[in-house]
Amino acid sequence: MDIFLQQIVNGLVQGSIYALVALGYTMVYGIMGLINFAHGEVVMIGTLVTITVAGSLIKAGMPVALAGLAGMMAAVLVCMALGWALERVAYRPLRHAPRLTPLITAIGMSIVLQNLAMMVWGRNYLTFPSFLPSVDFELAGAHFTAIQVIIVLVSAATMGALLLLVYRTKLGMAMRATAQNPAVASLMGVNVNRVIAAAFIIGSALGAVAGVMVGAYYEIAHYQMGFMLGLKAFTAAVLGGIGNLAGAMLGGILLGIIEALGAGYIGDLTGGFLGSHYQDIFAFVVLIVVLMFKPSGLFGEKSGDRA
Amino acid sequence: MNFGRFFRSTVGIATLAALLVALPFVAAMGGQAWVRILDFAILYVFLALGLNIVVGLAGLLDLGYIAFYAVGAYTWALLASPHFGLHWPIWAILPIGAGLACLAGVVLGSPTLKLRGDYLAIVTLGFGEIVRIFLNNLNAPINVTNGPQGITLIDPVSFGAFKFSGTTQIFGFAVSGPQKYYFLLIALAILVIIINLRLQNSRIGRAWQAIREDEIAAKAIGINTRNLKLLAFAMGASFGGVAGGIFSAMQGFVSPESFSLIESIMILAMVVLGGMGHIPGVILGAVLLTVLPEVLRYGVGPLQMALFGKMLADPESLRMLVFGLALVLVMRFKPAGLWPSPVRRRELQETGK
Amino acid sequence: MSANLPTPLLEARAVAKHFGGVKALRDVSLSIRRGEIYGLIGPNGAGKTTFFNCMTGLYVPDGGGFTFDGTPLVADASDKAAARGIARTFQNIRLFGNMTALENVMVGRHVRTRAGVLGAIFQNAATRAEEAAIRQKAIDLLHYVRIEERADDLARNLSYGDQRRLEIARALATDPKLLCLDEPAAGMNATETEQLRELIDGIRRDGTTILLIEHDVKLVMGLCDRVAVLDYGALLIEDVPAVVQKDQRVIEAYLGA
Ligand SMILES: Nc1ncnc2c1ncn2[C@@H]1O[C@H](COP(=O)(O)OP(=O)(O)OP(=O)(O)O)[C@@H](O)[C@H]1O
Ligand SMILES: [Mg+2]
């Protein structure tokens, strides 16, 4: 029972991170039907920028928590600029190209960003400054650390802010309209270019926040870290029903919990045949199984083809 | 396409054949390493044309193609190496490898092919990762794949006493192992080119194109879209399996590292970059993307030294950086690929208006 | 009086379909006789296209079902419906835009031909003969609908009227027993509509039963042997044009809409 609860807690933490990253994928996909493969790289750059900025501020004598906050702000700004530039330079010229063209571009950008990051930050693992004393709580047999609590709270707050933005502002309304039908939205006076740029910028900001939290959680970072994280987050977005914001959040959290439980129990389940190295397959196995039974994801509405 | 017409004339074919025969000997002057690069270029031509059936003809976005290649490669490695002490002959292993890959394709495809295209992409991508994770970890409790170390001392391709490894004297010429593989691979590549061409202009090929264009309309005229997609998927997978087997034999060594997602992406990039669905384009894409990184590997370091007198950036990452940029730039300025089919070019020009 | 009539080609029994709260079809029952032109009319949103979609397997009905040519239709597969002999066109034309007109019709022969992968690869005599027959039949059909000179043009570059004709040719390529046309005259001028009328009449004379959805009342009344009227998903009446035209409910439905 203790393991169970503990794994739920761990899964929730990991899942909130997935959810934040998944939102970036789902927003871009919902509005322009593009799998933005480079999004994982944006997250990675968020982490690495935080390390550099916060690290040098700490060295300069700034209080640790304040330096962390400054690092996070810097990461968010850098990633927003990066997201904007990606859309502007790489994707916008391909708006009317064949379907696979922007996908290859996205893959190309992902390779470019990874290798740029490697040139800037090197190929070694970097340690993330620990912003918080490692406090431990215990509740009903499960252990929490302060950072875990903060991750869940920050994610929840960020997602809440996003929902407010999408459902309560004019920009949000324009985004929803464009996702429904870009041609009609633009006839109604929505500036589609602005909406798409906004989706990239907001998604990247969320990604940066996620990047900071991954760094803080594992206290380690690397130029290749964005790849698997991005893949899992995208899986989460599809799991929840891509294009659907609430779906991405729930899909992310669900995926985190499934993975954590899977890793905790796979040994018992298979009589010791498969060990916890197989943790990474859960995401994909769950995805395949869910799509078999619910082809548009758990929370995606069925898109009936009209003839 | 005056190029195309030239290659279809007798003189054109003879010239091309002479060039293809001479190529491995010319390359050998720069060292056997270049012949090996050539071998890989042709292996990738084969793989890319196998994937072209799935992506180019049937319009299915497959991001886990390398998994089928891995199935073929490990089938060969396990059935023809000291790892299990088995040394089965090629006529047994190659069909088994292709068959297993095909089976994997059917098992993965039958539940997922009714999904929307982008979902298929992520499912195939996930499948590729699952295969890789299993290859990495199936060394305990029973050692099947030997984990990350991979399997070594794999038998080369051989027909009876004729081995494709080592140097043989043929008509007084010393023909090296890589050169022999070159000719085997050329034969396979020609086979897959013919299959692609003939399928494209057949009843099945037309049905695939119809599905690509409008799936609902295709169904309404009686095309069983699910079965036809499955067919393309399974065929592509089988070709992947064959290529994997040859890869395994040619290298003498396999490890999970060769089957990472970036490989799948690379092959997809070859298909799209060259000109999806257009066979000369795909061949061009495969050759370019195999040779370009190699040229960069040898060129980037010395070039930096010459320009700046010191190594500014790690050549390996600079090489990948240039590769990534090349992908982005080609897609930006030639969105239908470097050498698209005339029809696709027309499509694009007209929608571009 | 109907006792000595042959079995109908298509029989719909209490077909129902709803989308959320919208009842697009309310227990619609009708029957189409062999060799007739059967009109299906009704105001916008009456459920005509939905009826087509249910019949051709695009939608699964929520109730009722169809019998075609004596045996029930499997409700969920449009490719099977086509194989059984039901061909259709779409209200918003669905051609294979980047294939030529000829190829569009050739692909229509798919369900009536056999060649598989091996045939394609080995190009055996049977495959080559079949391919030649497919091409010939497609050329003939392009002549039949009078767009033969556009054979090598991409479908999406054809004029609107020619696209409608091409879609009919593609449907005819499947050798249908029942040809279903969803508003074929929409957007056509008077001359084009007249040519279309002749085409449809000719197809019927050549032995194909036709189900026609149309808003052009004059066309329907002049062409159809019998007419059914849908309103808010319910069948108001099914009878010969002369009777339908005078029916009070029909007049109200159209005026009300
Ligand atoms: N896929 C769908 N999802 C939701 N509602 C649908 C769908 N298809 C049809 N409807 C609804 O069902 C009703 C009947 O539509 P249908 O298209 O069958 O009308 P119609 O008689 O063909 O009209 P029109 O003359 O305008 O073509 C309408 O209210 C329509 O909005
Ligand atoms: Mg309609």
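The values are calculated or read from the model by the stated rules, or taken from the named source; none is laboratory data. From a predicted model like this one, the values you see are computed outputs, not experimental measurements. Note: ideal-geometry Cβ built from the backbone for every residue, glycine included; neighbour counts use all protein chains shown.
See the values below:
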quantity: Of all residues making up the range A:74-107, the number that are among the small types (G, A, S), crowded, with 16+ Cβ neighbours inside 10 Å and away from chain B (no Cβ under 12 Å); calculated: 3
quantity: For C:A253: the one exception among (1) within 14 Å of ligand 1 (Cβ to nearest atom); (2) under 24 Å from the mean Cα position of the chain (by Cα); calculated: (2)
quantity: Single residue of C:R34, C:R88 found to be of a type in the set (K, R), buried (at least 22 other Cβ atoms within 10 Å of the Cβ) and either away from chain B (no Cβ under 14 Å) or within 22 Å of C:R204 (Cβ to Cβ) (or both); calculated: C:R88
quantity: Filter result for the condition that a residue is more than 28 Å from C:N157 (Cα to Cα), modelled with pLDDT of 70 or more and at the interface with another protein chain (Cβ under 7 Å from one of its Cβ atoms), over B:L303, B:L325; calculated: B:L325
quantity: Residue in the range A:137-150 that is of a type outside the set (F, W, Y), within 28 Å of A:I35 (Cβ to Cβ) and surrounded by 18 or more Cβ atoms within 10 Å (Cβ to Cβ) present; calculated: no
quantity: Helices (runs of 4 or more DSSP H) (entirely within the range A:113-200) containing at least 1 residues that are among the basic types (K, R); calculated: A:146-168, A:170-180
quantity: Filtered residues of the range C:132-173 (kept if in contact with a Ser or Thr (Cβ under 7 Å, 6 or more places away or on another chain), over 20 Å from C:T209 (Cα atoms) and among the charged types (D, E, K, R)); calculated: C:D152, C:D153
quantity: Residues satisfying the stated conditions in the range C:12-21, i.e. surrounded by fewer than 18 Cβ atoms within 10 Å (Cβ to Cβ) and in contact (Cβ under 8 Å) with a residue 24 or more places away in the chain; calculated: C:R13, C:A14, C:A16, C:H18
quantity: Among (1) within 14 Å of ligand 1 (Cβ to nearest atom); (2) assigned to a helix (DSSP H, G or I); (3) within 14 Å of chain B (Cβ to nearest Cβ) - the single one C:F51 does not satisfy; calculated: (3)
quantity: Qualifying residue in the range A:181-191 (condition: in contact (Cβ under 8 Å) with a residue 60 or more places away in the chain and among the hydrophobic types (A, V, I, L, M, F, W, C)); calculated: no
quantity: Output for the range C:150-187, where each listed residue is surrounded by 18 or more Cβ atoms within 10 Å (Cβ to Cβ) and within 16 Å of ligand 2 (Cβ to nearest atom); calculated: C:R164, C:E167, C:C180, C:L181, C:D182, C:E183, C:P184, C:A185
quantity: Every residue from the range A:19-46 that is under 14 Å from the mean Cα position of the chain (by Cα), within 14 Å of another protein chain (Cβ to nearest Cβ) and within 30 Å of A:A185 (Cα to Cα); calculated: A:A22, A:Y25, A:T26, A:V28, A:Y29, A:I35, A:N36, A:F37, A:A38, A:H39, A:G40
quantity: Members of the range B:267-279 that are more than 9 Å from every other protein chain (Cβ to nearest Cβ) and buried (at least 24 other Cβ atoms within 10 Å of the Cβ); calculated: B:I267, B:M270, B:G274, B:G275, B:G277, B:H278
quantity: Counted residues, the range C:1-31 - those being within 14 Å of chain A (Cβ to nearest Cβ), touching a helix residue (DSSP H, G or I) at 6+ places or on another chain (Cβ under 9 Å) and either away from ligand 2 (no atom under 16 Å from the Cβ) or small (G, A, S) (or both); calculated: 1
quantity: Tabulated pairs, the range C:168-193, first on the phi < 0 side of the Ramachandran plot, second within 13 Å of ligand 1 (Cβ to nearest atom) and among the acidic types (D, E), C-beta under 7 angstrom, 6+ apart or interchain; calculated: C:A185/C:E214; C:A185/C:D216; C:T193/C:D216
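Per-residue answers, yes or no, for (1) more than 16 Å from ligand 1 (Cβ to nearest atom); (2) at pLDDT 95 or above; (3) assigned by TED's automatic domain parsing to the domain that holds C:L40:
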site: C:R164; (1), (2), (3): no, no, no
site: C:A169; (1), (2), (3): yes, yes, no
site: C:M188; (1), (2), (3): no, no, yes
site: C:E194; (1), (2), (3): yes, no, yes
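Here's the yes/no breakdown for (1) in contact with a Lys or Arg (Cβ under 8 Å, 6 or more places away or on another chain); (2) modelled with pLDDT under 90; (3) hydroxyl-bearing (S, T, Y):
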site	(1), (2), (3)
A:G24	no, no, no
A:M27	no, no, no
A:I45	no, no, no
A:S56	no, no, yes
A:V64	no, yes, no
